[in-house]
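Heads up, the thing below is written out as structure tokens.
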């Protein structure tokens, strides 16, 4: 099995599924049903393959594993390779992508009745691109995947979205594209500096300090918008409100992680001096993100917007932990991203459950749901608590490690971010109270059905994982450990050599 | 066995929580009560074993968070401190479980209630058996969650929902400090394991830590931050506002969580961390000032409240203040002693008040009670036991523990200790007054409830009476029997290494040698309080009415809880909502989107429109533009640079 090109399989199996879906012919209902089942099986196989990756992953090395290398394009002097590989940092993002794609497809099973075939194709293509991003070890390859993701997502929002979907889709597309253009320039600069587009080479390359700052800023432009960091976050609430449920799941679960992943994968190891130099900037924006968006979330009247704003606050923790650049904080940032992927994905699915029944996500339309939907109330409670960071859920492990690791670097930053401890429950429990508790006053709420078997099947794995990471995170921290150790040592060595004290706000 | 004690409630909670509908109400009650009673019996056996061992016994269970320098595991720490807490938690909890069978008999969601209670017990046991700061935090947050869920148990009441959220968030404000304290501890010691931290504490005395640009004594900083967590959980000033509102929950919950166990977690934490606090005298002074102040502050409010449960809730605030005052003079043993006796008599008082409420079909306002003693004699009798114990009358449990505390605060000789003694003695008067007032207003005098209600008033079933009797036994005798072990001569042999008191901190040792007048002053204050209440509410009920009218401002001030809630509402709650709304609409909407994407978009559209206007189609326009261009270029090249 180890001789199989596993990474390529995980990456491109969804495209094979797409090909099958394209071949379906016949009556609309038959095509729709076949498309659904093909997508389901493809996603299942892909998830199984990615689990094999986890099982076979060797947690004792920081080297890239499952490496595949082949010539790809040679034009004149330019030479791009097809180079894939994963380490502890990227492993769980691959798994998260395959899992959330599968759950999205199941969650959209009955909901999407319009252009089913195209919907499923969009998701499978999206899966290929997402997995590709986390596996690519060549900048050109990476860039293709990274930008390619925008297209299916743009279509998902623009075609299957809500009433104001066109505005949101364009806002999303143009916003993120703007940042990416700058990253493209930076990638070119990296190429001219190192003479190759190979990421492994660039990661160990010593960039001159002056260049580091420019390149760091260019990468920052792209990643900060993806995360999204304050003040370039305004595309996210709009995109979420208009996106269909499954789109929101992927958007919150994976696409937001691209920025955080980029920071850990590229900005920190390639530009350690610039990272140290810009840490106060990151800390300031992260602290603003946590407090500002928490307060904004408190004022929301739309469930999806509220969760979107809470995502920005949670991702503020990620950026903060990443650039605190201590071992605990970086591991925390990675766990926080995985956790947030599961939890925010689940929360959007929860909103989707209500949207499917009443076609609204306005908070004021609900209330007293626990009387009709006890199972739903339970599920939403668990994910609410995970979002609040209650110990025993995945949300705690990430936030705890981030704050613990950041305290060494800046007590002020830690104190500011720790306000989330009471701000998060304020908006989340306030939401929960308005939706779940109280008495039912509207007639249509009296006929609400509790979770169906399909919905329970979607939530079950998320629930299990949230508790698993919360109670026994070792399964997830262990594969991260060596890779993060290596990364942090590399950064510390570079900053120590240059005589830069890791910057802090104090 | 220790694992069985801790995990039996969890197993019961899972079974009852998930399969409650399948096993039915009766099955749920049997399983959860059975598990808890078994846990209590095992807890008793476990306590006997703990007393026989010298060192703290640590049972590792599994890894938890291992990352970088952090190594945190799930484990059970068994020493006298956790042993006492296990005893208190399992006994009171099992009694409350049994009591709930009767009290909640009419409720439609019995399995949910029983599951919550059992789950709470699990979290509380995880808290007291923790061997590191993070598991302590796990239990801490877990009991906070269950408190939230149980306060809001009757979810169709808006007031219950509001109280539940308030409890959670105010607690979280405390936990904000607690978490920072954990980070500071890790920064100082490089570990979060109790054993390692306690061992290293003497070595870090005098080291400093930069915090928010301020160079602070490391241990003092860590202890004060950790204590903020205790302030929240134990409802001390200024984070006390949630506890009275928490009375929205069912009464068994108030007895278990908001009297006997969860709220005492803050006291437990300070005692558990005595090896840190002992080296941080400034932090201890903070503990003492907060504790002493809360003791009298809460008691003053308790004197005028009319809701039977709220009086007892304010009393809990006040009694917890006593415990902190004791800890502040290094009399941790006395703090734990009062925690122990308080669990019995306060749990009892709540359960009795529940019995009264049950008898009157939900009535909680004492102004509509009175003359009940004939109707519910068992409740009446046991409640007096609790009341006298709380008033610290001789030979009742509360007498031993409260007098030890007050004697120790005076004996410490420190300014903070004397402060606590004076306020504590004043509070002793108030305590005796308000609890006697409760007794007189509820059980004596003319019935003020309607004919109908009085006619229906009935004694509670046996399933509720037995827990009352068990706790009454504790409230009456626990102090007498435990006195020697907890705070008497052989206390070192009892606590062993669980509590550290530096040799120079002799408050508890010298407590027996304070002047007799000072030793008996609290007792006289208590007797005076009872006598005053008797005069006010039995002899001449017009006196309090006239007093309230005469000192209207003071009365309103106390009745409205010193207006703290209103202050917080104005200072924090409403501004937070307003700022959030403002940031959203003007920050995100007008500024960022206005100048950012929407602004750029409209600018582009604008530019495009202007550019397209240039394409007018008139030849002379183009010719004119070309002319200007030509002139510009020529000028550029001709001028010398």
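Laboratory data are not the source of any read-out in this text; all were calculated from the coordinates shown. From a predicted model like this one, the values you see are computed outputs, not experimental measurements. Note: ideal-geometry Cβ built from the backbone for every residue, glycine included; neighbour counts use all protein chains shown.
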Kirkwood hydrodynamic radius (C-alpha pairs) into Stokes-Einstein, region A:133-176, 37 °C and 0.692 mPa s, D in µm²/s = 292 µm²/s
DSSP beta bridges in chain A [antiparallel fraction, %, rounded to 5] = 90 percent
Run through the DSSP bridge list for the protein assembly as shown and note the antiparallel percent, rounded to the nearest 5.
-> 95 percent
For B:205-216, B:432-443, A:369-380, ranked highest to lowest by mean beta-carbon neighbours within 10 Å, the order is B:432-443, A:369-380, B:205-216
Whole-Å distance, taken between Cα centres, linking region B:495-531 and region B:1-32 | 42 Å
What is the packing order of peptides B:93-102, B:617-626, taking the mean over residues of other C-beta atoms within 10 Å and listing the highest first?
-> B:93-102, B:617-626
Cα centroid distance between region A:442-500 and region B:170-230, in Å?
-> 28 Å
Can you pull a Stokes-Einstein diffusion coefficient for region A:29-154 at 10 °C (1.306 mPa s), Rh from Kirkwood over Cα pairs, as a whole number of µm²/s?
-> 100 µm²/s
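Based on the Kirkwood radius over alpha-carbon pairs, what value in µm²/s does the Stokes-Einstein equation return for the translational diffusion coefficient of region A:70-120 at 25 °C and 0.890 mPa s?
170 µm²/s
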Rel. contact order, % - alpha carbon contacts under 8 angstrom, at least six apart, chain B | 13 percent
Partner shielding of B:204-212, taken as the mean number of other chain Cβ atoms within 10 Å, equals 2
Mind jotting down a quarter of the surface of the convex hull over the alpha carbons of region B:253-307, in square nanometres, one decimal?
-> 4.5 nm²
Rg (Å, one decimal) plus Dmax (Å, integer) for the alpha carbons of the protein assembly as shown?
-> 32.7, 116
For the residue pair residue A:360 and residue B:567, what label-to-label distance in nm results when each label sits 7 Å from Cα along the Cα-to-beta-carbon direction?
-> 4.1 nm
With Cα coordinates, the longest principal axis of chain B makes an angle with the long axis of helix B:2-52, in degrees rounded to 10, of 70 degrees
Can you tell me the equivalent ellipsoid semi-axes for chain B? Use √(5λ) from the Cα gyration tensor, largest first, whole Å.
-> 53, 32, 27
Partner chain Cβ atoms within 10 Å, averaged over the residues of A:461-473 - can you pull that number for me?
-> 1
What Kirkwood radius, in Å to one decimal, follows from the Cα pairs of region B:29-99?
-> 13.7 Å
DSSP beta bridges in chain B: the antiparallel percent, rounded to 5, is 100 percent
Among B:516, B:119, what is the fewest-to-most ranking by other Cβ atoms within 10 Å?
-> B:516, B:119
When ranked by the protection proxy of mean other Cβ atoms within 10 Å per residue, highest first, what sequence do the peptides B:222-232, B:44-54, A:83-93, B:542-552 form?
-> B:222-232, A:83-93, B:44-54, B:542-552
Along its principal axes, what span do the Cα atoms of region B:175-240 show, with the longest given first and each in whole Å?
-> 35, 29, 16
Just tell me how shielded A:477-485 is by partners: mean number of partner chain Cβ atoms within 10 Å of each residue's Cβ, no decimals.
-> 2
If all Cα-Cα distances of region B:364-433 are sorted into 10 Å bins from 0 onward, what percent lands in each bin, rounded to whole numbers?
-> 19, 36, 25, 14, 5, 0
If one takes the longest principal axis of the Cα atoms in chain B, at what angle in degrees, from 0 to 90 and to the nearest 10, does the Cα axis of helix B:462-473 lie?
-> 80 degrees
Kindly express, to the nearest 10 degrees and within the range 0 to 90, the angle between helix B:281-302's C-alpha long axis and the longest C-alpha principal axis of chain B.
-> 70 degrees
To the nearest 500 deg cm²/dmol, what mean residue ellipticity at 222 nm is calculated for the protein assembly as shown from DSSP H runs of n ≥ 4 alone, each contributing -39,500 (n - 2.57), summed and divided by the residues?
-> -23500 deg cm²/dmol
Roughly speaking, what is the centre-to-centre gap between region A:333-347 and region A:352-413 when only Cα atoms are used, to the nearest Å?
-> 11 Å
